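What follows is calculated from the coordinates using simple rules that are stated; it is not laboratory data. This one's a predicted model, so the numbers in the text were calculated from it and none came from an experiment. Cβ placement follows ideal geometry from the backbone for every residue including glycine, while neighbour counts extend to all protein chains displayed.
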Amino acid sequence: MPALIEDYALLGNCRSAALVNRNGSLDWLCLPRFDAPAVFASLLGNEENGRWRVAPTDTVEHSERRYLEDTLVLETLYVTATGRARVLDLMPLNDTHSVVRIVEGLSGEVNFEMDLVLRFDYGRSVPWVEKLDPLTLSAVAGPDRVILSSTVATHAMDHHTVARFRVGEGRREVFSLRHQRSHLPVQPGFDADEALKSTIDQWQTFAGRCPEVGAYSAQVRRSLITLKAMTYAPTGGIVAAVTTSLPERIGGERNWDYRFCWLRDATMTLLAFMNLGYVDEAQAWREWLMRSVAGNPEQMQIMYGLAGERDLQEYTLPWLAGYEHSQPVRVGNAAADQRQLDIYGEVADAMSQALKAGLPRHPRSAAIARLILPYLKSIWREPDEGIWEVRGGRQHFVHSKVMAWVAFDRAASLAETREDSGQSQHYRQVAEQIHREVCEQGLDPSGQYFVQAYGSKEMDASLLQIALTGFLPADDPRFLRTLEQIEQRLLHEGLVLRYDTDNCTDGLTAGEGTFLVCTFWLCDVYVLVGRQAEAEALYQRLLDLTNDVGLLAEQYDPQSQRMLGNFPQAFSHIGIINTALNLYRAQCPVRDRASGGE
């Protein structure tokens, strides 16, 4: 049985990631990339689907964990009746595709057990395991090989590899697990102590560049480190989460693969990096974006693989029971084939915000705009699946139309900076057409407030973007009435639902948690409308939801008081950063963005 989602901590090396729970079990690890088949998949099944546990055999009287200051090196302290010890877990920031686990005695003596269950291909394949020497073993299945090096002897037991050992004060035992292709000669090991020191130095150097954000500084740095860990360093792409199929409803079917890069993350990600002064990371993300969207605009997707791959075919893994029996377990994401009009506005806004923040103009941005905008002009009146990637049929979602307006509004401003008045005027005319239609057809029958889709009576948290993008001023009466409706109908115990799944047709069984990024949007709107105290209180409510090591999932269920959805979620941590800046800085990013392309 896997742990609660909030009981996991993240390890990462900017290429892949692992999740380790409070009892020392590493239950999720994909090697060598975020989207590779898992070698430990007990998160979505049971221990026979792969896990790696290092923990005391004696009764633990007390345990606590933390990241070493401003790093992604996890320290777990164990206290038993006979002594104290700690385990340091890390993924070295080098090219070894490895995990290191160091057990250190602090006082007295503590008995430990190491239990390694390697299962390739998402828990399905039992590898061929053999000893290379008394302290090294190799596990091979198809194209993959994993090598375990340790300072204590191990032995086989029922397709597990186990070791029992004792650490006293000042004694340490080291285990390292590294991945390589099986057809290559066995690669040499590495110095775990040097890897630990180097990894600590690199994370602290990275985090040390982060400016102060008042009382929110520590959480902003933690979220920044989390976003960096979710970046695929070779390309600059950032995954939405490091997991697949963690449910948005326990026992339900809302289980998706988030180990890909979404275009709609572009604007908020760029804002987070740029507003903290991380220009290199922002440029790498923009380069990934520009490479991925290059080509025929009709083939532009809402998401891509880590290197811009387009084939993200969705399939299920029937041999995995699913997290707390939430099925199906999915790999790939069929939403990649959907039409979602908002992505064009997201890309245009990202380019605009990058220029406003000081990035030089990208050499291909104008050429890509000349291809994309005529195509968007021809399709913006058509329905789509929308920001929430519904599977119940296309609708005329108001948010999608608003973001189509954003595309032409920002393009018009960018054309003005190139002194292309003719093109700018043309884009302004299209933007005005979209704006007029949305204000005529996007309101409820009484004409008082905006609704989820043309002709609908339902509310949608994405309507908060009307003010956040500058489509309407935040003090416009139509938006203020929309805000009131969102507060009345979507606020659930102080947190925001993205929409009411009981009444909205999205093609799936009703029921899910509150969508955390939507609550961050509400904080930002409160800043825009001058409700600063409410914004600060709501933001603190969100910070209180982070787990003991500062991480957030996609959703939260206030009734069961537990996290839901994939973990950790980039959207949620981007929200932590950007809303903190909006609350802390007098000239806050949300006001800059709401000013559009000016």
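Which lysines, if any, have their Cα less than 20 Å from the Cα of Lys401, not counting same-chain residues under 8 positions apart?
Lys377, Lys457
Which aspartates and glutamates have a Cα less than 19 Å from the Cα of Lys197, not counting those fewer than 8 places away in the same chain?
List returned: Glu69, Asp70, Glu75, Asp89, Asp95, Glu104, Glu173.
Please say if the chain is rounded, prolate or oblate, where rounded means a/c under 1.5 for a ≥ b ≥ c the square roots of the C-alpha gyration tensor eigenvalues, and otherwise the choice is prolate for a/b larger than b/c and oblate otherwise?
prolate
Pairs of alpha-carbon atoms within less than 8 angstrom and 6+ residues apart define the contacts here; what relative contact order does the chain have, in percent?
On the way: 1335 pairs, mean separation 74.0, N = 598.
For the chain, the relative contact order is 12 percent.
Pick out, from Val406, Ala366, Val390, the residue whose Cα sits farthest towards the positive end of the charge dipole of region 359-440, with +1 on the Cβ of Lys and Arg and -1 on the Cβ of Asp and Glu.
Farthest towards the positive pole: Ala366.
Calculate the dipole size of region 5-204 relative to its Cα centre from +1 charges on Lys and Arg beta carbons and -1 charges on Asp and Glu beta carbons; express the result in debye to the nearest 20.
Roughly 360 debye, rounded to the nearest 20.
Just going by the charge dipole of the chain, with Lys and Arg at +1 and Asp and Glu at -1 on Cβ, which of Gly277, Phe40, Asn111 is farthest out on the positive end?
Towards the positive end, the residue furthest out is Gly277.
Can you pull out the trypsin sites (Lys or Arg not before Pro) in region 14-120 that DSSP calls coil and that have at most 12 other Cβ atoms within 10 Å?
none
Any chance you could run the full-extension gain for Ala81 through Ala218? It's 0.36 nm times the residue separation minus the Cα-Cα distance, nm to one decimal.
Working it through step by step, the gained length comes to 45.9 nm.
Dipole of region 215-594, Cα-centred, from +1 at each Lys and Arg C-beta and -1 at each Asp and Glu C-beta, to the nearest 20 debye?
That gives region 215-594 a dipole magnitude of about 840 debye.
Alpha carbon centre of region 212-227 versus region 69-127: separation in Å?
The distance from the Cα centre of region 212-227 to that of region 69-127 comes to 26 Å.
Which loop trypsin sites (Lys or Arg not before Pro) in region 281-387, with loop taken from DSSP, have no more than 14 other Cβ atoms within 10 angstrom of their Cβ?
Hits after loop and neighbour filter: Arg310, Arg361, Arg364, Arg381.
Based on a Kirkwood Rh over C-alpha pairs, give the Stokes-Einstein translational diffusion coefficient of region 5-204 at 37 °C and viscosity 0.692 mPa s in µm²/s.
So the translational diffusion coefficient is about 195 µm²/s.
Based on the alpha-carbon gyration tensor of region 374-472 and its eigenvalue square roots a ≥ b ≥ c, which shape applies: rounded if a/c is under 1.5, prolate if not and a/b is larger than b/c, or oblate?
Note, shape of region 374-472 comes out prolate.
If I fit a long axis through the Cα atoms of helix 421-441 and take the longest principal axis of the Cα atoms of the chain, what angle between them do I get, 0 to 90°, rounded to 10?
Computed tilt is about 90 degrees.
By the gyration tensor of its Cα atoms, with a ≥ b ≥ c the square roots of the eigenvalues, what is the shape of region 318-433: rounded for a/c under 1.5, prolate for a/b over b/c, or oblate?
Prolate, because a/c is 1.5 or more and a/b exceeds b/c.
Once both labels are modelled 7 Å past Cα along the beta-carbon direction, what's the Ala537-Ala510 spacing in nm?
Between Ala537 and Ala510, the label points sit 3.0 nm apart.
Along the Cα-to-C-beta direction of Arg209, a point sits 7 Å from the Cα; which residues of region 337-351 have their amide N less than 16 Å from that point?
Within reach of a label on Arg209: no residues.
In region 411-466, which GluC sites (Glu not before Pro) are in a loop and have at most 10 other Cβ atoms within 10 Å, using DSSP for the loop call?
Those satisfying the criteria are Glu419.
Which of the lysines could a cross-linker span from Lys131 if the Cα-Cα distance has to be under 23 Å and same-chain partners fewer than 8 positions apart are dropped?
The qualifying lysines are none; the list is empty.
Separation of region 27-42 and region 461-512 by C-alpha centroid, Å?
Between the Cα centre of region 27-42 and that of region 461-512, the gap is 36 Å.
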